[in-house]
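The values are calculated or read from the model by the stated rules, or taken from the named source; none is laboratory data. All of these numbers come straight from a predicted model, not from anything done at the bench. Cβ coordinates were reconstructed from backbone atoms using ideal geometry, including for glycine residues, and neighbour counts include every protein chain displayed. Keep in mind that these areas ignore ligands, DNA and RNA; they rest on the heavy atoms of the full protein, side chains included. Shrake-Rupley method; radii C 1.70, N 1.55, O 1.52, S 1.80 Å.
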Amino acid sequence: MAWQGLAAEFLQVPAVTRAYTAACVLTTAAVQLELLSPFQLYFNPHLVFRKFQVWRLVTNFLFFGPLGFSFFFNILFVFRYCRMLEEGSFRGRTADFVFMFLFGGVLMTLLGFLGSLFFLGQALMAMLVYVWSRRSPRVRVSFFGLFTFQAPFLPWALMGFSLLLGNSILVDLLGIAVGHIYYFLEDVFPNQPGGKRLLLTPGFLGLQSSKAPAGSSLTITQQSQGGPGTAGELTAPF
């Protein structure tokens, strides 16, 4: 059965990627079916702290807009790069991966409040892409089959594509900025003279974490295209 095969394939996806992607799809479906309204989901500090609608701290990361090209574009990138991070540099480190989401979410919420941003899912997607790209500097990415470039240029290509679509690039810049802060604190600063790891996964997460040595994930290669230790080529979803 096609549905059974699809369900079995989806269950093979790592837990965090599966949970976040499913939450995004279900939230969008609920809006399409008019079970929910975007006005119930967006980030509003007044409603969060005065009316105690605390769910908005989470739901604003789950809605990418109505069904359409923008939604499918964003959800495919979220699924692809979230999964590659979880199966790559975060393999066996679920707690660390969840902590990266929490760190990014809190920082984006604070900065989003200053910038009057209401939905931050696209910023989280940009953060995931940025962290993956900086940890995969030798991978070559084919963007829509039109351009091929090194992975670290991918977040900027996505921002340029958003600009071409007439969207504000402020959300993309926010995600890139938060992604760079995480990358610097996790992968760069600990390897500097006198540096140390500042982002320590808290024990309350209650998940098993086997932390790799700092800096050990600076180069992630695409082995499905090249041999072990060689740079590969990755094709973007479209």
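Whenever a residue of region 37-59 is closer than 18 Å to Gly115 by Cβ and in contact (Cβ under 8 Å) with a residue 24 or more places away in the chain, its partners that are open to solvent by 90 Å² or more (accessible area, probe 1.4 Å) and hydrophobic (A, V, I, L, M, F, W, C), lying with C-beta atoms within less than 7 angstrom and at least six residues away or across chains, give the pairs Tyr42/Phe118; Phe43/Phe118; Pro45/Phe113. Among the residues of this structure, Phe77 does not count as one that is assigned to a loop (DSSP other than H, G, I, E, B), open to solvent by less than 20 Å² (accessible area, probe 1.4 Å) and touching a Leu at 6+ places or on another chain (Cβ under 9 Å).
Just one residue in the set Phe63, Phe90, Phe97 is in contact with a helix residue (DSSP H, G or I) (Cβ under 6 Å, 6 or more places away or on another chain), within 19 Å of Leu205 (Cβ to Cβ) and part of a loop (DSSP other than H, G, I, E, B); that residue is Phe90.
In this structure, Ala151 qualifies as open to solvent by less than 20 Å² (accessible area, probe 1.4 Å) and within 19 Å of Val78 (Cα to Cα). Answer yes or no as to whether Phe52 is of a type outside the set (Val, Ile, Thr) and loosely packed, with under 10 Cβ neighbours inside 10 Å. Yes; evaluated as a whole, the condition is true for this residue. Note on region 110-145: among residues that are open to solvent by 20 Å² or more (accessible area, probe 1.4 Å) and of a type in the set (S, T, N, Q), the one that is nearest to Ala177 (Cα to Cα) is Gln122. Applying the criterion of being loosely packed, with under 12 Cβ neighbours inside 10 Å and aromatic (Phe, Trp, Tyr) to the residues of region 11-49, the residue that is farthest from Thr94 (Cα to Cα) is Phe39.
Could you tell me whether any residue of region 135-142 is under 15 Å from Asp96 (Cβ atoms), in a loop (DSSP other than H, G, I, E, B) and at pLDDT 90 or above? Checked region 135-142: at least one residue is under 15 Å from Asp96 (Cβ atoms), in a loop (DSSP other than H, G, I, E, B) and at pLDDT 90 or above. Applying the set (1) within 19 Å of the chain's Cα centre (by Cα); (2) open to solvent by 40 Å² or more (accessible area, probe 1.4 Å); (3) over 15 Å from Leu120 (Cα atoms) to Ala8 leaves exactly one unmet item: (1).
Within region 118-146, residues that are on the phi > 0 side of the Ramachandran plot have Cβ atoms under 6 Å from residues that are part of a loop (DSSP other than H, G, I, E, B) in these pairs: Phe144/Phe238, counting only partners at least 6 apart in sequence or on another chain. Residues that are touching a residue at least 60 places away in the same chain (Cβ under 8 Å) and of a type in the set (Val, Ile, Thr) were ranked within region 87-109; the one that is least open to solvent (accessible area, probe 1.4 Å) is Thr109.
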